[in-house]
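To start, the structure itself, in C-alpha cells.
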Amino acid sequence: IQDFVIYAHMDVPMVGKLLDKEPALVNAFVDWGGGDWESALGAAAHMGNREMAELLLERGARIDIFAATMLGQLDAVKAFITLQPKLIDAKGPHGFSLHFHAQLAGPDADRMVAYLQSVKKVDLKPNPFVEMKKG
C-alpha cells in the first residue's frame, strides 16, 4: 500500500498497472504516523495531479473534499461545506489545507480560492506545487 500511494503522487502508468493487478488498492490508505493518513487520491490531490485523480476516480476511488477542491468542483465543495461547515478547517494528508488544494485547481483555481476565502479568510502562502506545474 505504501508503494502504491507513493506512486500515486506522480506515476500514472504504474498506478494503472497496480490497479489492474489489485483493484482494491484504489481505496487503501497508508498511515505515515501521527494521524497522517493518505490515500492515492489524497496524494494526487495535494500534488495537483488531475490525470491521476481522474484515473483513480474512474477506478472507484471515493472522492473527498480535498480532491473535489483540486479538481475545481465548486458545487461539490460548496455542498461539503454546507453539510459540515467545520470542513473549512480540515487538513488533508501531510496537513495540507483546502486553500492549499484550491491553488492547484488549474483554470478553476481563482474561483475556488475566492469561494474558500469568502467562507474563511486565510493568509495564502505560495504553493510550491503550483510553481512546479508551471515550470
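The values are calculated or read from the model by the stated rules, or taken from the named source; none is laboratory data. Computed from a prediction, not measured in an experiment: that's the story for all the values here. For neighbour counting, all protein chains shown are included, and Cβ atoms are generated from backbone atoms with ideal geometry for every residue, glycine included.
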Requested in this report: Being hydrophobic (A, V, I, L, M, F, W, C) and crowded, with 24+ Cβ neighbours inside 10 Å is the filter here, so list the residues in segment 39-51 that pass it.
Outcome: ALA40, LEU41, ALA43, ALA44, ALA45
Query raised in the report: In this structure, is ALA40 aliphatic (A, V, I, L, M) and free of Cβ contacts under 8 Å to residues at least 40 places away in the same chain?
Result: yes
**Report entry** Qualifying position, being on the phi > 0 side of the Ramachandran plot and surrounded by 13 or more Cβ atoms within 10 Å (Cβ to Cβ), among GLY92, GLY106, GLY60
**Finding:** GLY106
Report summary line: Matching residues in segment 104-134 (part of a loop (DSSP other than H, G, I, E, B), modelled with pLDDT of 80 or more and more than 16 Å from ASN49 (Cβ to Cβ)) number 5
Query raised in the report: Restricting the search to segment 80-97, which residues are under 21 Å from TRP32 (Cβ atoms) and touching a Lys or Arg at 6+ places or on another chain (Cβ under 9 Å)?
Result: ASP89, SER97
Query - Residues (surrounded by fewer than 19 Cβ atoms within 10 Å (Cβ to Cβ), part of a helix (DSSP H, G or I) and not hydroxyl-bearing (Ser, Thr, Tyr)) located in segment 75-89 - result: ASP75, ALA76, LYS78, ALA79, LEU83, PRO85, LYS86, LEU87, ILE88, ASP89
Query raised in the report: For GLY72, are the conditions met, namely being farther than 22 Å from MET14 by Cα and part of a loop (DSSP other than H, G, I, E, B)?
Result: yes
Query - Hits in segment 4-21 - residues which are in contact (Cβ under 8 Å) with a residue 40 or more places away in the chain and either part of a helix (DSSP H, G or I) or surrounded by 18 or more Cβ atoms within 10 Å (Cβ to Cβ) (or both) - result: ALA8, VAL12, VAL15, LEU19
